[in-house]
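The values are calculated or read from the model by the stated rules, or taken from the named source; none is laboratory data. All of these numbers come straight from a predicted model, not from anything done at the bench. Note: ideal-geometry Cβ built from the backbone for every residue, glycine included; neighbour counts use all protein chains shown.
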């Protein structure tokens, strides 16, 4: 027992060694020492006190609670009770309340230690995430300062000089102004959530604001699964690209976000010339699948819908609706 105590004390303090294999070996040795009591003690001894190896067994039980959790601790405590009863039957010793008390103590301490181990593990994970987030925020602030002092200043200068020069230079100035707005939005918006976690859709859509694009969102976060938020944002960007490609220069667009209990709706409206009747069907037949794939296909994959409403001369509106819980 003394030799194995030295071995486990050396092994358990090393995380790479702290595995189910070590714990299984520890439990096997502990049960072996418990049954070895039959060779070293008399039945009368067991009627007076629990076996010495029973107290020593507590170390393996607590190790099980740390590695296997509360269920593992409860299982080991019950196995100890069964082994103690078996030992007494084999030795012909009287069954006393010591066995029940030992099982209860192992069960309670195992559950408590298992719970605290899980709490400590979660706290360590959150601390690691907080440190990583702080590092990302620091890097982002440094990058934002560098961009503000260089790229944004140049874009702002191009926008002003282009507007003053007029003609083709004015168009270049307008484009520089749009990129300036987008870049400012990118460096001032919050960081996205980790991949796979809930993402605030507002943060993604605000990056698409420009001189000609206005985005209106609720005051509270609009949380969606990461994939749903990314696909919906891409569909909105595709709709805005269509406005820029097919409408006259200077056409304005508005993005409106609405949320209900089980769905999120994003409407993209413009004040362009509108879409002629049957134009979308004709584009699909011609193999031009921008709307069909970039917008409707994305929404269909999420279990949502994309509906176009347009009248010639009155602009166009597309309503993108997705469930909060994605299909599949």
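Inside region 11-26, can you point out the residues that are surrounded by 11 or more Cβ atoms within 10 Å (Cβ to Cβ) and assigned to a loop (DSSP other than H, G, I, E, B)?
Residues satisfying the conditions are 18, 19.
Can you find a residue that is modelled with pLDDT of 80 or more, in a helix (DSSP H, G or I), touching a strand residue (DSSP E or B) at 6+ places or on another chain (Cβ under 6 Å) and surrounded by fewer than 18 Cβ atoms within 10 Å (Cβ to Cβ) anywhere in region 150-167?
no
Please pick out the residue among 235, 226 that is in contact with a helix residue (DSSP H, G or I) (Cβ under 6 Å, 6 or more places away or on another chain) and modelled with pLDDT of 85 or more.
Details: 226 fails: in contact with a helix residue (DSSP H, G or I) (Cβ under 6 Å, 6 or more places away or on another chain).
Residue meeting the stated conditions: 235.
Could you tell me whether residue 113 is assigned by TED's automatic domain parsing to the domain that holds residue 47 and modelled with pLDDT of 80 or more?
yes
Among the residues of region 306-322, count how many are surrounded by 15 or more Cβ atoms within 10 Å (Cβ to Cβ) and either in a strand (DSSP E or B) or at pLDDT 90 or above (or both).
10
If I filter region 267-291 down to residues being at pLDDT 90 or above and touching a helix residue (DSSP H, G or I) at 6+ places or on another chain (Cβ under 6 Å), which single residue comes out as farthest from residue 211 (Cα to Cα)?
268
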